[in-house]
Amino acid sequence: MALRLGDKKALVAEVNEVAQRALSAVAAEYRGLKAGQLDILRKEARDKGIYLHVVKNTLASRAVAGTEFECLQSALTGPLILGFSLEDPGAVGRVIKDFAKANEKLVVKAVAVGGTLYGAADLDRLASLPTKEQALSMLLGTMQAPISTFVRTLAEPTAQFVRVVQAVADKQAA
């Protein structure tokens, strides 16, 4: 089904708007996947807050122009599906990686984060990024560690005194 000029312009504007808000992007070749398999991928992406769309390469190239994902233009060859992570930078990597494990016909071509183009091998690095909640808990743990150590240091002389008194009392009782 051919798109009319107005539809193409609307699609380019939509993808451009998403690319301007996105934190990371993955371009993957979907050659050989059935429509039902792509529907499963789209559902998983929707559930995780990922914008996933099959876009013709010339339209995708125009859509990412002027965004930090302009670096993807050299990788836009073949039948590609573009995924943009809008809330969690690693979400698109995790969804694509998990889906590609079960469907080897989905082949990652490029990963882009922060205006830098990475190869398909870097999908694992993107997928291993912590979620927002995990990152906040790691930060809280890091901030809390010195305080916990300080409190234990302050409490130790009192605890040691109590143990000495208890040991003397146990010795006298024996």
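Could you calculate, for the stretch 131-174, the ratio of the Cα radius of gyration to the Kirkwood radius, expressed as Rg to Rh? Let's see the in-between values first.
Values: Rg = 18.5 Å, Rh = 13.1 Å.
Ratio of gyration radius to Kirkwood radius for the stretch 131-174: 1.41.
Against the chain, whose longest principal axis comes from its Cα atoms, helix 132-173 is set at around 10 degrees. Starting from the Cα of Lys101, draw a straight line to each of the lysines and keep only those under 20 Å, dropping any in the same chain fewer than 8 residues away. Leaving aside lysines fewer than 8 places away in the same chain, those within reach of Lys101 are Lys34, Lys43, Lys48, Lys109.
Tell me, in nm to one decimal, what length is gained between Ile147 and Leu3 on full extension, where the rule is 0.36 nm per residue of separation less the Cα-Cα distance? Write out the running numbers ahead of the final one.
Working: separation 144, 0.36 × 144 = 51.84 nm, distance 6.10 nm.
Separation in residues times 0.36 nm, less the Cα-Cα distance, equals 45.7 nm.
Springs between alpha-carbon pairs under 10 angstrom, Gaussian network model over the chain: which of Ser61, Ser128, Ser74 fluctuates most? Highest fluctuation of the listed residues: Ser74. Straight Cα distances below 16 angstrom link Lys105 to the aspartates and glutamates Glu29, Asp39, with same-chain residues fewer than 8 positions distant left out. 3J(HN,Hα) couplings calculated from phi for the stretch 93-108 with the Karplus curve 6.51 cos²θ - 1.76 cosθ + 1.60 (θ = phi - 60°) are, in sequence order, x, 5, 5, 5, 5, 5, 5, 5, 4, 7, 10, 5, 6, 7, 10, 6 Hz; Gly and Pro show x.
Taking 8 Å as the Cα distance limit and 6 or more residues as the minimum spacing, I'd like the relative contact order of the stretch 56-174 as a percentage. Provide the component values of the computation, followed by the final result.
Details: 81 pairs, mean separation 26.1, N = 119.
It comes to 22 percent, rounded to a whole number.
By the Cα gyration tensor, the chain has an equivalent ellipsoid whose semi-axes, rounded to whole angstrom, run 54, 17, 13 from largest to smallest. Compute the Cα gyration tensor for the stretch 30-82, then decide on rounded, prolate or oblate, letting a ≥ b ≥ c be the square roots of its eigenvalues: rounded whenever a/c is under 1.5, prolate when a/b is larger than b/c in the other cases, and oblate in all that remain. Oblate, since a/c reaches 1.5 and b/c is not below a/b. Result for the chain in a Gaussian network model with C-alpha springs under 10 Å: among Ile81, Ile50, Ile40, the largest mean-square fluctuation is at Ile40. In this structure, the amide hydrogen of Val108, modeled 1.01 Å from its nitrogen in the peptide plane, lies closer than 5 angstrom to those of Glu29, counting only residues at least 5 positions away or on a different chain. Distance between the C-alpha centres of the stretch 1-23 and the stretch 57-110: 15 Å, rounded to the whole angstrom.
Mean residue ellipticity at 222 nm, helices only, the chain: -18500 deg cm²/dmol; runs of at least 4 DSSP H residues each add -39,500 (n - 2.57), and the sum is divided by the number of residues.
The numbers here are math on the coordinates, done by the rules we state, and not lab data. Remember, predicted model here, so these are calculated numbers, not experimental data.
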